[in-house]
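Derivation of every value follows stated rules applied to the coordinates shown; laboratory data play no part. Worth saying up front: this structure is predicted, and the values here are computed from it rather than measured. So basically every Cβ, Gly included, is an ideal-geometry build from the backbone, and we count neighbours across all protein chains shown.
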Amino acid sequence: MFCRNCGQKIEDGMMFCPNCGTKAAFERMSAPAPEPEPAPEPEPAPEPEPEPRPVRISDPAPVYTKGTNGLAVAGFICSFFFPFVGLVLSIIGLSIADTGYQKPMRGLAIAGIIISAVLLVLRVALGALIGSLILPHIRELFESLFSYLNTVIRAA
Ligand SMILES: [Zn+2]
């Protein structure tokens, strides 16, 4: 602290000013408490920039130039009887579903794809199963046929 009379620096703990003898304790008591450092004002969080509102451009009303997506319908029906044809037609039908059909029949096309795919797999699996069951018998049949022919030829 400093002497309030002459301004001399007074060490802490000293009772009197070493220069002029003024009581230091008095000054100390009356000295205004050091003002607490003002807490730094918290910087205000930068306000987030308001997102520019996307200008809403209303989609132009879809123009339906075609009626029903017949390919999707055909693919769906074919999927039950001719799975391969049904699969191809349904895939094409789905791919053209968004080209301006009033009734795009997307669900029907997807159903046709699933049904024909499942039936194709089943058909292949069934074919393999039947083949594995029948083939040995066909071989037996041929073997007995050959042995029969052999006996016929020898007898001749
Ligand atoms: Zn002094």
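3J(HN,Hα) along the range 104-112, derived from phi through the Karplus expression 6.51 cos²θ - 1.76 cosθ + 1.60 where θ = phi - 60°, amounts to x, 6, 5, x, 5, 5, 5, 4, x Hz, with x in place of Gly and Pro. Peptides 111-119, 78-86 ordered by packing proxy, namely the average of other Cβ atoms within 10 Å per residue, highest first: 111-119, 78-86. Enumerate the amide H contacts of PHE2 below 5 Å, restricted to partners 5 or more residues apart or on another chain; note that Pro and chain-start residues carry no placed amide H. Sorted by chain and number, the residues that satisfy this are ILE10.
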